[in-house]
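Encoded as structure tokens, the structure appears first; notes follow it.
Just so it is clear, none of the values below were taken in a lab; they were calculated from the coordinates. Because the structure is a prediction, the values reported are computed rather than measured. Heads up, the Cβs are rebuilt from the backbone with ideal geometry, glycines too, and the neighbour counts pull from every protein chain shown.
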Amino acid sequence: MDIVIYPDPRLRRKNSPVTQFDATLADTVRAMFQTMYATQGVGLAAPQVGINQKLLVFNPSGKAEDAAQEVVLCNPKLIHKSKQSEEGQEGCLSFPEITGQVLRFVEVKVQAQDLSGQEFELELEGWEARIFQHELDHLDGILFIDRMTPASRSQAKPQLEELVQTYKESLAGS
Ligand code: CO
């Protein structure tokens, strides 16, 4: 699987719900984890690998050997969020080498379906809550640059312009 890099329009496209809870879905999820580990990520949303569906995976440790920490969420919904928010540093596999400060809820409660379609709820806080909110945004076509603090956003501006330039060149060359 290749990671879709900003400003590829697939990152902004509408994502459809997952409806087929079959072996193909399980294979897709396995491949997403492999891609995520290979690129040193802690989370990955399906549109980032060109699949416009409401599916995300994460592992707060970012290590393949910590498989027990793997989380797979199909059709996730945010059902509760804490009053308290905090700023923290984020990166995104679709934005190589760009990081910035983003405000996120400290605690969230999530409702989702697992690989068999079974509904479940999950409470997350801190780092895990941050990863989840970042990935959930991807499923709504929202990118972390949209939520960066103004200072981080202006710091990232030259690198973003470079990514846009690279994308334009890739289109011209194809
Ligand atoms: Co991301």
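Using only Cα atoms, what is the ratio of the radius of gyration of segment 9-172 to 2.2 N^0.38 Å?
Segment 9-172 yields a ratio of 1.03.
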Seminar exercise, completed: GNM on the chain, Cα springs under 10 Å; top mean-square fluctuation among 139, 55, 25 goes to 25
Exercise. Between residue 24 and residue 83, what is the FRET efficiency for a Förster distance of 41 Å, r being their Cβ-Cβ separation, to the nearest 0.05?
Worked result: 0.50
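For residue 171 and residue 12 in one chain, what is 0.36 nm times their gap in residues minus the Cα-Cα distance, to one decimal in nm?
55.5 nm
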Exercise. Mind checking Rg over Rh on segment 62-113, alpha carbons, Kirkwood formula for Rh?
Worked result: 1.02
Problem set entry | Point-charge dipole on Cβ atoms (K/R +1, D/E -1) for segment 9-172, about Cα centre, debye to 20 | 600
Problem set entry | Calculated over segment 90-174: convex hull of Cα atoms, volume per residue (Å³) | 117
Problem set entry | Gained length - residue 97 relative to residue 2, 0.36 nm times residue gap less alpha-carbon distance | 32.5 nm
